[in-house]
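Nothing in this text is a laboratory measurement; each read-out follows from the coordinates by a stated rule. Computed from a predicted model, the values in this text were never measured in an experiment. All Cβ positions, glycine included, derive from the backbone under ideal geometry; neighbour counts span all protein chains shown.
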């Protein structure tokens, strides 16, 4: 559950850079922001593993962190591939759009709860 999100982060970053390069839109600010986000995700995975080990938490807790990142990165990869002109089947697009809506809804609910 550690390697899959990290591999997907790398693939997402590479497809994002390829997309920007082909469109001649490479900007160092966007690259730094993307790398910072990826570093944050790696830190979240590492902290999740650390706390799972230290506090003997169930492995399922860490699995949900990894699954969330896997889904998020996979959506981004498909978006990048679509922008690169790679045909994505409609049923895959719909599935990822639904997953993205659910994740955004959860983010909004969490944001409102913190107010």
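Note on the chain: GNM, Cα springs under 10 Å; of 46, 85, 34, the largest mean-square fluctuation is that of 85.
For the chain, the longest principal axis of the alpha carbon atoms and the long axis of helix 28-54 meet at an angle near 20°.
What is the fewest-to-most order of 25, 97 by other Cβ atoms lying within 10 Å of their Cβ?
In order of increasing Cβ crowding within 10 Å: 25, 97.
Here the calculated FRET efficiency for residue 102 and residue 50, from their Cβ-Cβ distance with R0 = 25 Å, stands at 0.35, rounded to the nearest 0.05. The Rg/Rh ratio for the chain, using Cα coordinates for both the radius of gyration and the Kirkwood hydrodynamic radius, is 1.01.
At an R0 of 30 angstrom, the distance between the Cβ atoms of residue 3 and residue 24 translates into a FRET efficiency of 0.35. Rounded to the nearest 10 degrees, the angle from helix 90-114 to the longest Cα principal axis of the chain is 50 degrees.
Calculated mean residue ellipticity at 222 nm for the chain: -30000 deg cm²/dmol, from DSSP H runs with n ≥ 4 weighted as -39500 (n - 2.57), summed, divided by the residue count and rounded to 500. For the pair residue 33 and residue 95, the difference between a 0.36 nm per residue extended length and the Cα-Cα distance amounts to 19.6 nm. Report, to the nearest 10°, how far helix 59-83 tilts away from the longest principal axis of the Cα atoms in the chain, using its own Cα long axis and a range of 0 to 90°. So the helix axis and the longest Cα principal axis differ by about 10 degrees. Largest GNM mean-square fluctuation among 52, 66, 76, using the chain with Cα springs under 10 Å: 52.
Between 68, 13, 29, the Gaussian network model of the chain with springs among Cα atoms under 10 angstrom shows the greatest mean-square fluctuation at 29.
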